[in-house]
1. Which value, in Å² and to the nearest 10, is the accessible area of ILE280 when all protein chains are kept and the probe is 1.4 Å?
2. Give me the net charge for the shell around GLN217: Cβ to Cβ below 11 angstrom, other residues only, Lys and Arg +1, Asp and Glu -1.
3. Against the longest principal axis of the chain, how steep is helix 224-234, in degrees 0 to 90 to the nearest 10, with axes from Cα atoms?
4. Measuring with a 1.4 Å probe in the full set of protein chains, what accessible area per residue, in whole Å², belongs to the chain?
5. In the structure displayed, which of LYS157/LYS210; LYS143/LYS286; LYS254/LYS299; LYS143/LYS198; LYS207/LYS259; LYS157/LYS254 lie more than 32 Å apart, Cα to Cα?
6. Using 0.36 nm times the number of residues separating LYS254 and GLN211, minus their current alpha carbon distance, what extension gain do you get?
7. Please compute the contact order of the chain in relative form: average sequence separation of alpha-carbon pairs under 8 Å and at least six residues apart, divided by the residue count, as a percent.
8. What is the local net charge at GLY265, summed over the other residues whose Cβ is closer than 15 Å to its Cβ (Lys, Arg +1; Asp, Glu -1)?
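The values are calculated or read from the model by the stated rules, or taken from the named source; none is laboratory data. No experiment lies behind these values; they were computed from the predicted model shown. Every residue, glycine as well, gets a Cβ built from its backbone with ideal geometry; the counts of neighbours run over all protein chains shown. Remember, those area values only see protein heavy atoms, side chains included, never the ligands or the DNA or RNA. Shrake-Rupley method; radii C 1.70, N 1.55, O 1.52, S 1.80 Å.
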Amino acid sequence: MADTNGSFWLPPQSSTVAAASDSLFDFIYWLNVIFFVGITVATVYFVVRYRRKSDDQLATSKVAHNTVIEAAWTFIPLVLLVVCFAWGFRLFLHQSVAPGDALQIEVRAQQWSWGFAYGNGTQTLNELYVPAGRPVKMLISSKDVLHSFFVPDFRVKADAVPGRYTSVWFEAMEPGEHQIYCTEYCGTSHSGMLGTVKVLPADEFDKMYKQGMWPGQTGAGRDPVEWGAELFTSKTCNACHSVDGTRLVGPSLKGVFGKQEPITGGPAVAVDENYIRESIMDPNAKIVEGYPPAMPSFKGQLTDDQISALIAYIKSLK
Ligand code: CUA
């Protein structure tokens, strides 16, 4: 199967379940259109047809009830709603129960990024690598508050709940890239909690899975400052740190390199490579005075190459 175009309302269908999901959407949509038009037309007609024409006209009709009509408007909607429920429940079960041979990937949501942990021991941040044409099961959890993992092109959505695991599965049809959204309001930078599913050809995926390194994790041949600037956005550092001096959840990083920063409950610290690295891996070790201990640890989620590029970029922010 290949990706197909979506509709006016829906994005392209890029997973094996998308077409079935859209059929149900279309059914409910047209059902609503038919009832909306029918009820509106009937209402307008009755208002005009049975309006009170003079002051001495009886205000209310003497008709008490009509068993046939009442039975019809009870039974027909009941059947339609049971059809919607049964159809939706079948799809829900289908998406909830992953095939036995599905590749499992852990999704760890946190304010405000997506961590992914693979069976080969690797981790990535905001970039999810999956093979095309194979079922993948997402085992989802949250480190802090409610989030929700949403890939519109796959028609896949599942809440990330602190203290428990939820799961959902999908099979991407073709290599390509798809947007991940957080679709449960989770604080200041909820709308910036974005990621990308990178669907690789299955053989390419297998090769990288075995060697334990993903394409976006090395900066070979790249300018570190440029790459760092890209990472600063793609890893959602920008959700909490501005680069123009504006105060967000965390301190702005403009001109911060080489400065002395006052630390809550400790001596001031010089912002150098080691302090930045420590702040990424163990953010609560030395918190800049006046800021909350809000940053999660990115230990294991960024490679040494990526951290070096981020440091190079932060150095460049004059
Ligand atoms: Cu995470 Cu909204």
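1. Surface accessible to solvent at ILE280 totals approximately 20 Å².
2. Neighbourhood net charge equals -3.
3. 30 degrees
4. Numbers: 17840 Å² over 318 residues.
The answer is 56 Å² per residue.
5. LYS207/LYS259; LYS157/LYS254
6. Fully extending the segment from LYS254 to GLN211 adds 11.8 nm.
7. So the answer I get is 15 percent.
8. Numbers: positive: LYS286; negative: GLU261, GLU289.
With Lys, Arg at +1 and Asp, Glu at -1, the net is -1.
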